[in-house]
Amino acid sequence: MSEITPDLVRHLGVLSRIQLSDDEIERLTGQLDVIVDNIAKVSQVATPDVPATSHPIPLENVYRADEVGATLTLAQALQNAPDAADGRFRVTAILGEEQ
């Protein structure tokens, strides 16, 4: 068994700035205890000769060739813009006086 106690859960709640009721502390103590025990079991069987995996099935990226297709003209791209100037979208400044 791990050493998850109600005092430890209460302390973790304080560190996390989460206010926990006594019922929540009791429930979380049991849940965290099970989680820590399961992690300990996995750690016991994990050996250096077993490679770490991030996914149970090997994944492979699927690539396709880049092909030029139909694109919008400048007028089409800007036709619904609320404000445009000099062939660009015009937006309000978001950087205060640092400019």
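Numbers below:
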| quantity | calculated |
| --- | --- |
| Residue identified as on the phi < 0 side of the Ramachandran plot and surrounded by fewer than 10 Cβ atoms within 10 Å (Cβ to Cβ) among 88, 64 | 64 |
| Filter result for residue 95 (part of a loop (DSSP other than H, G, I, E, B), out of contact with any strand residue (DSSP E or B) (no Cβ under 6 Å at 6 or more places or on another chain), of a type in the set (A, V, I, L, M, F, W, C) and surrounded by 10 or more Cβ atoms within 10 Å (Cβ to Cβ)) | no |
| Filtered residues of segment 12-61 (kept if of a type in the set (S, T, N, Q) and surrounded by 10 or more Cβ atoms within 10 Å (Cβ to Cβ)) | 29, 31, 38 |
| Residues of segment 1-11 classified as of a type in the set (A, V, I, L, M, F, W, C) and exposed (fewer than 12 other Cβ atoms within 10 Å of the Cβ), total | 1 |
| Check on residue 61, more than 30 Å from residue 6 (Cα to Cα), more than 30 Å from the chain's Cα centre (by Cα) and either at pLDDT 85 or above or not hydrophobic (A, V, I, L, M, F, W, C) (or both) | no |
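The values are calculated or read from the model by the stated rules, or taken from the named source; none is laboratory data. Remember, predicted model here, so these are calculated numbers, not experimental data. Because the Cβ atoms are built from the backbone with ideal geometry, glycine has one as well, and the counts that use them run over all protein chains shown.
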